[in-house]
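The values are calculated or read from the model by the stated rules, or taken from the named source; none is laboratory data. Just so it is clear, the model here is predicted, and its values are computed rather than measured. Quick reminder, even Gly has a Cβ in these numbers, built from the backbone with ideal geometry, and neighbours come from all protein chains shown.
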Amino acid sequence: PATRSRFVYDFTGTAPVPFETDKVVTPEGFVWKPLVKWGDPIVKGAPEFDFDNQTAAAQEKQFGYNCDYVGLVKTGDDAGVLVVNNEYTNDELMFEASELSVEQLKVVMMAHGLSIVEVTRKGAEWTAHMGAGKNRRITASTPFEVVGPLRGSKLLATKADPKARTVLGTIANCAGGMTPWGTILSGEENFNGYFKAESAPAGQEESYARYGIDGEGRGWDKVDPRFDTAQEPNEPNRFGYIVEVDPLDPTSTPKKLTGLGRFKHEGANVTVAPDGRVVAVMGDDERFDYMYKFVSRKKYVAGSRQHNKKLLEDGDLYVAKFTGDGADDGVSDGTGEWLPLVVGGKSKVPGMSVEEVLVHTRIAADKVGPTKMDRPEDVEVNPVNTRVYAALTNNSKRVPSQIDEANPRANNKHGQILEITAPGNDHTKTDFVWKLVLICGDPKDPTTYFDGYDKSQVSPISCPDNVAFDGKGNLWISTDGNDLGNADAFFMMPLAGDKAGHLQQFHTVPHGAESAGPLIVDDITVLCSVQHPGEIEGRTPANPASLFPYDGTGQPRPSVIQLYVEKPTDEPGEPSPSP
Ligand code: FEO
Ligand code: CA
Ligand code: CA
Ligand code: CA
């Protein structure tokens, strides 16, 4: 960076704070500021946020609700385009109403999806520019192109789209990733809950059950009948994908990448293998579900953006199996194998076609014997050591007979972080070794493990959800849910050197919020989504549990915040001194 602010990894760890604390607690010397908030008028012509007079037309142009993944595509040293997932809504906190009106339901639908906004930086502080040219909202009704093997599949055909080429909307976008070619990947996670499904349609009973499509939905069927499976039995088959968005072209049509399979996609992150093929690593966030990878058929070509933007349309899909080497060595580790589901355009699953494997991916995976994991959330490649890190958030339903070395605890309340090392750093290979670098919880709990570090020196941590990396390759972890009674937080753990395993807490988030979507920008700014502030049972706008971000609205507003050291050590604009 042109300016030299203090590096974010040079911080003194903070202590846990009680869950009820309604503030952002930062490390000494750091400040926090909102970057962009729910309702901010990001798209040109949007009205200012007005809590008491929300309309769908306004929300369609304003920053969405419940920000999660944060990506930044740089367009200059101090400029870029911010892309944020808006995973879901807290309808009970948006409106004082026991049942939403049709207009309120439309507001909710427009508050889902992604929000794209141009940003610039001065020192370490970013500013979001309302009405800028690349600003865009993608919502539950934005057209998406179906690409990959399921384009045209009858399993995705509906009355409105009999040729299965265009899906309206993306929902439940949780984590994501930035590709080396400057697009953003985003995972459609808990899509099943959006459909009214009084019964499963004939022929889809097994799939509806395996994906949990069995609820009342969110009332969206009152706005659009495709959310009622009695009207459109294939509509749920059009969600649960990784989507790819080009934030540099606001007129581009985003894509549903069907070759990466359909499940409760947490997110996807891409690395370029030594031979130029790209590998996307992914988690399916459900108790006892799996980790997956996709390997492109074609190779990455530096500088050829149009070519690279098609890499994720064609390739092979695998699911992970982990084998332990025994507990005697005192470490949860072993070897692993990527089991093929689709290779070279052919199904590797007995009795299932490629189309069936990619639509009913969970059922296909069940047939090949992968390892049932403790809720795989974010899975990312560390760009410094090229190893993969997976947040396995928790699994209260695992019983002692179901323990394995990668999922070593029954009634796992606190989760673990799994590291995958590919042979020769080549993630296209089907074998690997793995290790749990962190088994979360109170360090006094003998089942915890902090990469071998002295446990009297580390912070407690519970329910890892997202991972991120800084320029030194340190692992950063955000949490969602905390079974120790503390506020959700953001942590850093070095992975190499004599501090490896020295987990320290960075900042904490307000009452009821989750710390989500973190991004470390040039090692001087932490960006973080404060998701669902005030999400506490029984709370409504009349009695909010949080007033974050304390802007006088009188209501909680999910926001992306930034943390940095306010006073740079050099004058802004000066290059950093050589060491
Ligand atoms: Fe949306 Fe798996 O967290
Ligand atoms: Ca072992
Ligand atoms: Ca998540
Ligand atoms: Ca989560």
**Q.** Scan of segment 416-449 for residues that are touching a Lys or Arg at 6+ places or on another chain (Cβ under 6 Å), of a type in the set (Val, Ile, Thr) and farther than 17 Å from Val384 by Cα, ordered by number
**A.** Thr428, Thr447
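Only residues that are over 16 Å from the mean Cα position of the chain (by Cα) and either within 22 Å of Gly485 (Cα to Cα) or of a type in the set (A, V, I, L, M) (or both): list them for segment 503-525, please.
If the condition is that a residue be over 16 Å from the mean Cα position of the chain (by Cα) and either within 22 Å of Gly485 (Cα to Cα) or of a type in the set (A, V, I, L, M) (or both), then Leu503, Gln504, Gln505, Phe506, His507, Thr508, Val509, Pro510, His511, Gly512, Val521, Ile524 are the ones that fit.
It is to be established whether one or more residues within segment 493-508 are within 16 Å of ligand 3 (Cβ to nearest atom), crowded, with 23+ Cβ neighbours inside 10 Å and not β-branched (Val, Ile, Thr).
no
Taking Glu125, is it more than 16 Å from ligand 4 (Cβ to nearest atom), in contact (Cβ under 8 Å) with a residue 24 or more places away in the chain, in contact with a Ser or Thr (Cβ under 7 Å, 6 or more places away or on another chain) and over 21 Å from Thr229 (Cβ atoms)?
no
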Q: Please work out if Tyr453 is away from ligand 3 (no atom under 16 Å from the Cβ) and of a type outside the set (Asp, Glu).
A: yes
(Q) For the condition within 16 Å of ligand 4 (Cβ to nearest atom) and out of contact with any strand residue (DSSP E or B) (no Cβ under 9 Å at 6 or more places or on another chain), what is the one hit in Gly497, Gly512, Gly481? (A) Gly512
Q) Looking at Val342, Val319, Val349, which is the one that is crowded, with 21+ Cβ neighbours inside 10 Å, in a loop (DSSP other than H, G, I, E, B) and away from ligand 2 (no atom under 16 Å from the Cβ)? A) Val349
Q.
For the condition among the hydrophobic types (A, V, I, L, M, F, W, C), in contact with an Asp or Glu (Cβ under 6 Å, 6 or more places away or on another chain) and either under 13 Å from Arg557 (Cα atoms) or within 16 Å of ligand 1 (Cβ to nearest atom) (or both), what is the one hit in Phe63, Phe51?
A. Phe63
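Going by the conditions given, is Gly240 buried (at least 23 other Cβ atoms within 10 Å of the Cβ), assigned to a loop (DSSP other than H, G, I, E, B) and in contact (Cβ under 8 Å) with a residue 24 or more places away in the chain?
Here the answer is yes, as Gly240 does meet what is asked.
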Q.
Can you tell me which of (1) more than 19 Å from the chain's Cα centre (by Cα); (2) small (Gly, Ala, Ser); (3) within 23 Å of Pro518 (Cα to Cα); (4) buried (at least 22 other Cβ atoms within 10 Å of the Cβ) is the one Gly415 doesn't meet?
A. (1)
Q: Taking only segment 407-432 into account, find how many residues are over 25 Å from Ala489 (Cβ atoms) and in a loop (DSSP other than H, G, I, E, B).
A: 7
Q: Tell me, yes or no, whether segment 401-408 has at least one residue that is touching a helix residue (DSSP H, G or I) at 6+ places or on another chain (Cβ under 7 Å) and buried (at least 21 other Cβ atoms within 10 Å of the Cβ).
A: no
Q.
If I ask for residues that are farther than 15 Å from Ile420 by Cα and in contact (Cβ under 8 Å) with a residue 60 or more places away in the chain, which ones from segment 312-338 would you list?
A. Leu312, Glu313, Asp314, Gly326, Ala327
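Residue by residue, here is whether (1) assigned to a loop (DSSP other than H, G, I, E, B); (2) of a type in the set (D, E, K, R) holds:
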site: Tyr9; (1), (2): yes, no
site: Ala15; (1), (2): yes, no
site: Leu35; (1), (2): no, no
site: Asp40; (1), (2): yes, yes
site: Val43; (1), (2): yes, no
site: Phe63; (1), (2): yes, no
Q: Working only within segment 256-288, note down all residues that are basic (Lys, Arg), more than 16 Å from ligand 4 (Cβ to nearest atom) and within 17 Å of the chain's Cα centre (by Cα).
A: Lys256, Arg262
Q. Which residues, taken from segment 185-228, are away from ligand 1 (no atom under 16 Å from the Cβ) and part of a helix (DSSP H, G or I)?
A. Glu205, Glu206, Ser207, Tyr208, Ala209, Arg210, Trp220, Asp221, Lys222, Pro225, Arg226, Phe227
Q. Are any of the residues in segment 493-506 within 16 Å of ligand 1 (Cβ to nearest atom) and assigned to a loop (DSSP other than H, G, I, E, B)?
A. no
Q: Within segment 507-532, track down each residue that is within 16 Å of ligand 1 (Cβ to nearest atom) and either of a type in the set (Phe, Trp, Tyr) or on the phi < 0 side of the Ramachandran plot (or both).
A: Val509, Ala513, Glu514, Ser515, Ala516, Pro518, Cys528, Ser529, Val530, Gln531
Q.
For segment 442-487, give me each residue that is within 16 Å of ligand 1 (Cβ to nearest atom) and of a type in the set (Ser, Thr, Tyr).
A. Ser462, Ser478, Thr479
Q) If Ala468 passes every condition in (1) surrounded by fewer than 21 Cβ atoms within 10 Å (Cβ to Cβ); (2) within 14 Å of ligand 3 (Cβ to nearest atom); (3) under 20 Å from Ala496 (Cα atoms) but one, which one does it miss? A) (1)
Q: Select from segment 247-268 the residues that are buried (at least 23 other Cβ atoms within 10 Å of the Cβ) and more than 22 Å from Asn192 (Cβ to Cβ) and list them in ascending order.
A: Pro247
Q | In segment 1-39, the residues that are closer than 15 Å to Ser529 by Cα and touching a strand residue (DSSP E or B) at 6+ places or on another chain (Cβ under 7 Å) | A | Val24, Val25, Thr26, Trp32, Lys33, Pro34, Leu35, Val36, Lys37, Trp38
Q | Flag for His511 being at pLDDT 95 or above, outside any strand (DSSP E or B) and within 22 Å of Tyr65 (Cβ to Cβ) | A | yes
Q) When segment 214-233 is examined, which residues are found to be within 17 Å of Val167 (Cβ to Cβ) and either surrounded by fewer than 17 Cβ atoms within 10 Å (Cβ to Cβ) or of a type in the set (Phe, Trp, Tyr) (or both)? A) Trp220, Pro225, Phe227, Gln231
